[in-house]
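A.B. asks: Structure below; questions to follow.
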Amino acid sequence: MLLMDRVNLMAPGWSHVLSSDNNVAELEALRQRVGAPARALHFGDGSRPHLDLKLEPRERALRDPTVRVFDDSRGLVRYWRICQNARV
């Protein structure tokens, strides 16, 4: 499941997208669908895999029916952690 914050508290105008199970292929598919550049996908750098989106790709992702949107980063991360704990 794809998870996205409507308002990124650390970077106004941007949104993060996470996969509930850290699925890089799922993130890559969304990146391509919304027309974000390859550099929008971050993984393998010690952080959880994610997309950083802004402008039109961000707007497209917010409208994508496969993306669960949270009001802000806190809600996004809180739900992502619940998903991680459920997998253990």
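A.B. asks: With over 11 Å from the mean Cα position of the chain (by Cα), farther than 22 Å from ARG87 by Cβ and not hydroxyl-bearing (Ser, Thr, Tyr) as the only criterion, which of ASP71, ASP52, ASP45 stands out?
C.D. replies: The unique qualifying residue is ASP71.
A.B. asks: I need the full set of residues from the stretch 40-56 which are of a type in the set (Gly, Ala, Ser) and either free of Cβ contacts under 8 Å to residues at least 12 places away in the same chain or under 18 Å from ARG68 (Cα atoms) (or both), in order please.
C.D. replies: GLY44, GLY46, SER47
Yes/no matrix, rows are residues, columns are (1) of a type in the set (S, T, N, Q); (2) more than 21 Å from VAL7 (Cα to Cα); (3) surrounded by fewer than 18 Cβ atoms within 10 Å (Cβ to Cβ):
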| site | (1), (2), (3) |
| --- | --- |
| VAL34 | no, no, no |
| PRO37 | no, no, yes |
| GLY44 | no, yes, yes |
| PRO65 | no, no, yes |
| LEU76 | no, no, no |
| ARG87 | no, yes, yes |
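A.B. asks: Scan the stretch 33-88 for residues that are among the small types (Gly, Ala, Ser), on the phi < 0 side of the Ramachandran plot and touching an Asp or Glu at 6+ places or on another chain (Cβ under 8 Å) and report the count.
C.D. replies: Selection size over the stretch 33-88: 3.
A.B. asks: Taking helices (runs of 4 or more DSSP H) that fall entirely within the chain, which contain at least 3 residues that are of a type in the set (S, T, N, Q)?
C.D. replies: Output list reads 73-87.
A.B. asks: So which residues in the stretch 43-58 are modelled with pLDDT of 95 or more and in contact with a strand residue (DSSP E or B) (Cβ under 9 Å, 6 or more places away or on another chain)?
C.D. replies: PRO49, HIS50, LEU51, ASP52, LEU53, LYS54, PRO57, ARG58, listed by residue number.
A.B. asks: Please specify each residue of the stretch 1-39 satisfying the condition of being in contact (Cβ under 8 Å) with a residue 40 or more places away in the chain, over 24 Å from ALA86 (Cβ atoms) and of a type in the set (S, T, N, Q).
C.D. replies: Within the stretch 1-39, just ASN8 meets the criteria.
A.B. asks: For the stretch 1-18, name all the residues that are among the small types (Gly, Ala, Ser) and surrounded by fewer than 21 Cβ atoms within 10 Å (Cβ to Cβ).
C.D. replies: ALA11, GLY13
The values are calculated or read from the model by the stated rules, or taken from the named source; none is laboratory data. Note that the structure is a prediction, hence the values are computed from the model and not measured. Every residue, glycine as well, gets a Cβ built from its backbone with ideal geometry; the counts of neighbours run over all protein chains shown.
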